[in-house]
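The values are calculated or read from the model by the stated rules, or taken from the named source; none is laboratory data. Computed from a prediction, not measured in an experiment: that's the story for all the values here. Using ideal geometry, Cβ is built from the backbone for each residue, glycine included, and neighbour counts are taken over all protein chains shown.
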Amino acid sequence: MLTKPHISSRAKTMQASPLRKLAATAEARKKQGIKVHHLNIGQPDLPTASIVYETIHNIGQPTLAYAPSAGLNPTLTAWKNYFQHVGIEFNESEIVVTSGGSEAIIFAMCAVCDNQDEIIVFEPFYTNYNGFATIANVHLQPVPLSITNGFHLPSTEEIEKHINGKTKAILITNPSNPTGTIYSKDELQRIVDLAKKHNLFLMSDEVYREFNFDAEFISVMSFPEIRNQAILLDSCSKRFNVCGARIGVIASHNAEVIHAAFKFGMARLSVATIEQLAVVPLLNSPDEYVKPIVEEFRKRRDVVYETLKTIPGVTYYKPEGAFYIVIGLPVADADDFARWLIEEFEHNKETVLIAPAQGFYATPGKGMNEVRLAFTLNLDELRRSLEIIKFALEAYNKK
Ligand SMILES: Cc1ncc(COP(=O)(O)O)c(C=O)c1O
């Protein structure tokens, strides 16, 4: 008897966005006339620089052709210039343009791991790393961090416990999504030393590089001893506020890694031609476009930090960078609170959509009372959203 074809176990284990269900509820709530403040997604609300659209209008090529698989020459040179501007030396042959930082991360995982090899990550971590790991068929090995020290790294011995014969790489996000943590020179040195000692690749996702408010940002590329093991993963999305352009990059001094990324790139032919051209002016004059965005997010970070002080029972720290914070709530199950907040609660016909932090942890039971907030609203809306959360916590805990 013929059995029906069935999908792969990889397809079955692929996670759906942990926020999808809540987002659908938010839409339903809006239809009921409730204003929903979105603190759940990392999509900046600011307008994109007009130079992007002007460049697109002026392209004037008669044929919209494939770009070379590693990227268009002007885009590669613009990335090189941008990196030079932030103190990182790469030449064009050490860079492959990717479809967002997302593709860069998938290429990096595929380049260094065989099936079920392991990559060390620090949890809570950017939840899509789970999806990338499923696509690449690699296993993420989480090292738990704690809110009590603002999600900074644990001791070297603690990290080392998670390294085994299958470990191929350490993946750090600096500054971090979801925590806003920026690793100090000492923390980075310890990671670099571990990568050297255990002969691991060190992948560094630095898409929030410029969003550093209090702490100095240091790239892993500034550690010469790791030169041949470091892989930089980067993107225009956040710093230039062009998330929809989908332009990222994988860069490394390791020629084998870049050649592998190039071959993966050949298989998908190329990254969108128009968008590659549209980001060239941004990469060539980063200060002009990045600074105003970062200044706005600094103000927002300050407002969130100050306003959190007025909410009883909340655990928080001062995020040093990016535009997120993970906070502890005075509830047993933040997932349930977030669902109730969007499904049932309102204050003067307004409510808030927040991201339960459980989706950012791989270890079951971790982050149960935590949520992530993204600072993607203006200052007044941020203040109002936090006020609504405060009223909601009072109501929820009286239930
Ligand atoms: C830490 C981190 N890395 C990578 C990405 C991927 O972004 P993109 O594919 O738009 O470059 C994101 C997006 O939110 C992110 O937060």
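Looking at (1) within 16 Å of the ligand (Cβ to nearest atom); (2) assigned by TED's automatic domain parsing to the domain that holds A136; (3) of a type in the set (G, A, S), which one does G60 not meet, given that it meets all the others?
Unmet condition: (1).
If A16 meets every condition in (1) in the same structural domain as R298 (by TED's automatic domain parsing); (2) out of contact with any strand residue (DSSP E or B) (no Cβ under 7 Å at 6 or more places or on another chain); (3) surrounded by 11 or more Cβ atoms within 10 Å (Cβ to Cβ) apart from one, which number is that one?
(3)
Hey, among the residues in region 54-76 that are in contact (Cβ under 8 Å) with a residue 24 or more places away in the chain and closer than 30 Å to F217 by Cα, which one's surrounded by the most Cβ atoms within 10 Å (Cβ to Cβ)?
Residue satisfying both the conditions and the ranking: T75.
Select, from A278, A332, the only residue that is out of contact with any Pro (no Cβ under 7 Å at 6 or more places or on another chain), of a type outside the set (S, T, Y) and assigned by TED's automatic domain parsing to the domain that holds R246. Steps first, please.
Values: A332 fails: assigned by TED's automatic domain parsing to the domain that holds R246.
None of the other options fit; the residue is A278.
Mind telling me which of the residues I231, I191, I182, I226 ends up being more than 11 Å from the ligand (Cβ to nearest atom) and in contact with a Gly (Cβ under 7 Å, 6 or more places away or on another chain)?
One residue alone meets the criteria, I182.
Wholly within region 77-164, which strands (runs of 3 or more DSSP E) include no fewer than the required count, namely at least 2 residues that are over 20 Å from F223 (Cα atoms) and touching a Phe, Trp or Tyr at 6+ places or on another chain (Cβ under 7 Å)? Working first, answer last.
Values: elements: 95-99, 118-123, 139-144.
Here the list reads 95-99, 139-144.
Collect the residues in region 370-392 that are surrounded by fewer than 20 Cβ atoms within 10 Å (Cβ to Cβ) and of a type outside the set (A, V, I, L, M, F, W, C), keeping them in residue-number order.
Selection gives N378, D380, E381, R383, R384, E387, K390.
For the condition within 19 Å of the chain's Cα centre (by Cα), closer than 17 Å to A26 by Cα, part of a loop (DSSP other than H, G, I, E, B) and not small (G, A, S), what is the one hit in L373, L377? Lay out the reasoning, then the answer.
Details: L373 fails: part of a loop (DSSP other than H, G, I, E, B).
None of the others qualify; the one that does is L377.
So which residues in region 263-307 are among the hydrophobic types (A, V, I, L, M, F, W, C) and either more than 23 Å from the chain's Cα centre (by Cα) or part of a loop (DSSP other than H, G, I, E, B) (or both)?
Passing the criteria: M266, A267, L269, V271, A272, I274, L277, V279.
Surrounded by 15 or more Cβ atoms within 10 Å (Cβ to Cβ) and either within 16 Å of the ligand (Cβ to nearest atom) or polar (S, T, N, Q) (or both), is that true of S146?
Numbers: surrounded by 15 or more Cβ atoms within 10 Å (Cβ to Cβ): no; either within 16 Å of the ligand (Cβ to nearest atom) or polar (S, T, N, Q) (or both): yes.
No.
Looking at region 323-362, which of its residues are of a type in the set (A, V, I, L, M, F, W, C) and more than 30 Å from V290 (Cβ to Cβ)?
L329, V331, A332, A334, F337, A338, W340, L341, I342, F345, A362
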